Amino acid sequence: MQNPAFQQRFIFLARRFIAGETVDEAMRAVAALNAEGLAATLDFLGEDVVSPAEAEHTRDAYFELLTALRERGLDANVSVKLSAIGLLIDETFALTNLCAILDAAAPNRDPFVRIDMEGSAVTDATLRVFERAYAHSAHVGPVLQAYLKRTPDDVARAIALGARVRLCKGAYSEPATIAYKEMPTIRRAYLRCAEALLEHGTYPAIATHDERLIDAVKTYAADHAIAPDRYEFQLLYGVKPALQRRLVSEGHRVRIYVPYGTHWSGYFYRRITERPENALFALRSLISR
Ligand SMILES: Cc1cc2nc3c(=O)[nH]c(=O)nc-3n(C[C@H](O)[C@H](O)[C@H](O)COP(=O)(O)OP(=O)(O)OC[C@H]3O[C@@H](n4cnc5c(N)ncnc54)[C@H](O)[C@@H]3O)c2cc1C
């Protein structure tokens, strides 16, 4: 559970990586990104919900968010964590909530709904729910994590389905039996999956701030005559903003993952643990404002 009083003392630190706590703040952040040629995907923060009422509250927050995006005509879709809409309670309950979000997104400028990938305890369940939702609407796609040894098979399955994949390295602590632990190996695994998706997949999202990987993807696409409108780069809100803008100026499609809401502690913790300097970085950006 969140402790609002405790959180309020630290929100100033998280501000570097989250757009705010309200829909209005999220809309302002997306409008500012759109003005710079960056698309967005919005995440209403929250995960590991164990009460049906809370899961439905999250689903309803997505309805509100999708209405706000539609009214403002912004260039943004949404990202959803299945554990926030009931996956840990019941798979079919999570599927029902996901399909309701997909239906609510259907009239939007961008009706796509991305399913974020969480820890390995829920990989199979997440992919099962994705495939059932995909039978309901093709405007849904999973995230696959290059650090998992199983991922080439999941990439092949997504390609066979024609589903849109976001490829990332992976943000959770996983055992060496199922996940690569060394960065050069993860990078090689990432690139192999990215190449398969670029060549045979449907509009893959290359989600990374790793400039070696970004350069390798650009080179692969150019060498194989894969036009820049057949894929997009994705980066996190507040991370490497100069790189975000440079990619746009080079003619690439770029989407920024924009989290917002009051339940930001888990998300912020992952950003700090993948790069401990972020705590200092957030403090410094506050002081130099
Ligand atoms: C759009 C997007 C969506 C994602 N969705 C998921 C998901 O659904 N499931 C999941 O498990 N993971 C997700 N991730 C997180 C991802 O798995 C990695 O944990 C994260 O992106 C860091 O890996 P990297 O590829 O950027 O490479 P890294 O090697 O970690 O970073 C490359 C360089 O980028 C910079 N950098 C990286 N992260 C940060 C940061 N937080 N702050 C400041 N600088 C940083 C550093 O300078 C670093 O040297 C997502 C990432 C992105 C960009």
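Every read-out reported here was derived from the displayed coordinates using simple, explicitly stated rules and does not represent laboratory data. This one's a predicted model, so the numbers in the text were calculated from it and none came from an experiment. As a convention, Cβ positions derive from the backbone with ideal geometry for all residues, glycine included, and neighbour counts pool all protein chains shown.
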For labels at residue 28 and residue 48 in the simple 7 Å Cα→Cβ model, what's the distance in nm? 3.1
If you take every DSSP beta bridge fully contained in segment 61-181, what fraction is antiparallel? Give it as a percent rounded to 5. 10
What residues qualify as long-range amide H neighbours of residue 253, i.e. H under 5 Å apart, gap of 5 or more or another chain, H built at 1.01 Å from N? 233
Between residue 178 and residue 203, what length in nm is gained on full extension when 0.36 nm per residue of separation is reduced by their alpha carbon distance? 6.3 nm
What helix-only [θ] at 222 nm does the chain give? Using -39500 (n - 2.57) per DSSP H run of at least 4, over all residues, to the nearest 500, the answer is -16000 deg cm²/dmol
Residue (of 129, 94, 18) at the positive-pole extreme of the chain, dipole from beta-carbon charges: 18
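Given an 8 Å cut-off on Cα distances and at least 6 residues of separation, report the relative contact order of segment 62-213 as a percent. Can you show the working numbers first?
Values: 220 pairs, mean separation 28.6, N = 152.
Rounded, it is 19 percent for segment 62-213.
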Which percent, nearest 5, of DSSP beta bridges in the chain are antiparallel? 5
Using the crude model of +1 on Lys and Arg Cβ and -1 on Asp and Glu Cβ, and no other charge, please compute the dipole size for segment 167-272 relative to its Cα centre, in debye to 20. 320
If I model the chain as equal point scatterers sitting on the Cα atoms and use the Debye formula, what is log10 I(q)/I(0) at q = 0.08, 0.09, 0.10, 0.12 Å⁻¹? -0.31, -0.40, -0.50, -0.75
Test of understanding: what is the full-extension gain from residue 121 to residue 92, defined as 0.36 nm times their sequence separation minus their Cα-Cα distance? 8.7 nm
